[in-house]
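Scroll down for the structure; my scribbles are underneath it.
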Amino acid sequence: MSVPEEITTILLGYIEKVRDIVKYLSQGIILLNQIRVGEALKVFSKAIKTDTDADNMRRKLFDRLTELNVEPRIREDIMHLAKRFDVLSEWSKESARHLSIIPYLEIPAELRDRIEEMVKLALRSAECLVEATKALIKGDLAKAREYANKVERIEEEADEVNVAARKLLVGLGRKIDNPAVLIMIKDFIEALENITDTAEDAADVIRVLAIRGL
């Protein structure tokens with residue numbers, strides 16, 4: 001990728017911040033499933049703070065792209081990729097916020113297990129995106145495509161887990177008196193699904209850039 005080193009450094013730092021948001025979300029859900037609620041809430045707070053840090057880094061990236069007079073086509077490509085990551089971070093933050101409201105430990109263990117599977121897959125996809133971006137920056141286009149393809153396969157696996165979770169949710173509807181809780185759980189599962197869906201969108205952008213040889 002023929003762009004100033006400062007830009008690639010900020011871009012990679014931003015993407016790693018987004019990855020960290022997903023990592024904290026994953027850690028928090030695992031802690032909740034271990035009934036370590038206080039620790040989980042602290043980790044979710046870190047996820048939300050990291051999202052703010054990531055936003056600041058993204059704004060810095062956009063500012064420097066303009067100030068350094070980066071070639072317009074490359075500038076637009078980088079901004080497009082960064083915007084995909086911004087959506088990914090927003091869904092991760094939204095998932096963490098849901099968990100500050102939902103009575104999570106009242107969810108049956110079987111459904112919580114599927115939720116943990118989903119967030120672990122989300123983290124794997126975010127980690128692959130970091131590696132794909134590193135490869136793209138280094139000019140290893142084959143490796144960038146390889147990691148982008150891994151993200152697509154992870155998304156397909158996440159879809160299967162999501163279907164299983166939704167089936168369990170239908171059964172759960174007969175056991176929960178408060179329909180608002182059921183809606184919140186549904187929205188939370190959709191937010192998790194959107195993380196892997198958006199990761200696949202970002203991988204598509206990386207794949208296109210790799211094919212074009214940027």
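Label point 7 Å out from Ala180 along Cα-to-Cβ: which residues of the stretch 98-125 have amide N under 18 Å?
Hits in the stretch 98-125 for Ala180 at 18 Å: 98-107.
Any idea which of Ala122, Val3, Ala54 is furthest toward the positive side of the dipole for the chain, if Lys and Arg beta-carbons carry +1 and Asp and Glu beta-carbons -1?
Ala54
Restricting to Cα pairs below 8 Å that are 6+ residues apart, what does the relative contact order work out to for the stretch 1-81? Please round to a whole percent. Don't skip to the end; give the middle numbers.
Details: 51 pairs, mean separation 30.5, N = 81.
Averaging sequence separation for qualifying contacts and normalising by length gives 38 percent for the stretch 1-81.
What's the ranking of 82-95, 145-158 by average number of surrounding C-beta atoms within 10 Å, highest first?
On the way: 82-95: 22.9, 145-158: 19.1.
Going from most to least packed, we get 82-95, 145-158.
Mind checking which lysines have their C-alpha under 27 Å from Lys42, skipping anything on the same chain fewer than 8 residues away?
Result set, ordered by chain and number: Lys17, Lys23, Lys93, Lys120, Lys186.
In nanometres, what is the gap between the two model label sites at Leu12 and Ala109, each 7 Å from Cα along Cα-to-Cβ?
The answer from the label model is 4.4 nm.
Roughly how big is the chain's charge dipole about its Cα centre, with Cβ charges of +1 (Lys, Arg) and -1 (Asp, Glu), in debye to the nearest 20? Please report the intermediate quantities before stating the final value.
Numbers: 34 positive and 39 negative charges, 67 e Å.
That gives the chain a dipole magnitude of about 320 debye.
What does the extension gain come out to for Lys49 and Glu152, with contour length at 0.36 nm per residue minus their alpha carbon separation? Mind showing how you got there, number by number?
Working: separation 103, 0.36 × 103 = 37.08 nm, distance 2.84 nm.
Computed gain between Lys49 and Glu152 is 34.2 nm.
Report Rg/Rh for the stretch 1-120, rounded to two decimals, where Rg is the Cα radius of gyration and Rh the Kirkwood radius. All intermediate terms of the calculation are to be shown ahead of the outcome.
On the way: Rg = 17.2 Å, Rh = 15.5 Å.
That ratio is 1.11, to two decimals.
Filter the DSSP H helices in the chain by two things, a Kyte-Doolittle mean of at least 0.0 and an axial alpha-carbon span of 15 angstrom or more, and list the hits by number. List each step's numbers first, then the result.
Numbers: long enough: 5-33 (42 Å, 0.53); 37-67 (45 Å, -0.64); 72-98 (39 Å, -0.94); 109-138 (44 Å, 0.07); 141-172 (46 Å, -0.35); 179-212 (50 Å, 0.66).
For the chain, where a helix must reach 15 Å along its axis and average at least 0.0, the hits are 5-33, 109-138, 179-212.
Modelled label-to-label distance, Arg212 and Thr66, 7 Å Cα→beta-carbon offset: nm?
Output for this residue pair reads 2.1 nm.
Can you divide the C-alpha Rg of the stretch 5-212 by 2.2 N^0.38 Å and report the result to two decimal places?
That works out to 1.07 for the stretch 5-212.
222 nm [θ] for the chain, helices only, -39500 (n - 2.57) per DSSP H run of 4+, per residue, to 500?
Details: 6 runs with 183 residues, N = 214.
Estimated from H runs of four or more residues: -31000 deg cm²/dmol.
Throughout, read-outs are computed from the coordinates displayed, never taken from laboratory work. These numbers come from a predicted model, not from an experiment. Backbone-built Cβ (ideal geometry, glycine too); neighbour counts: all protein chains shown.
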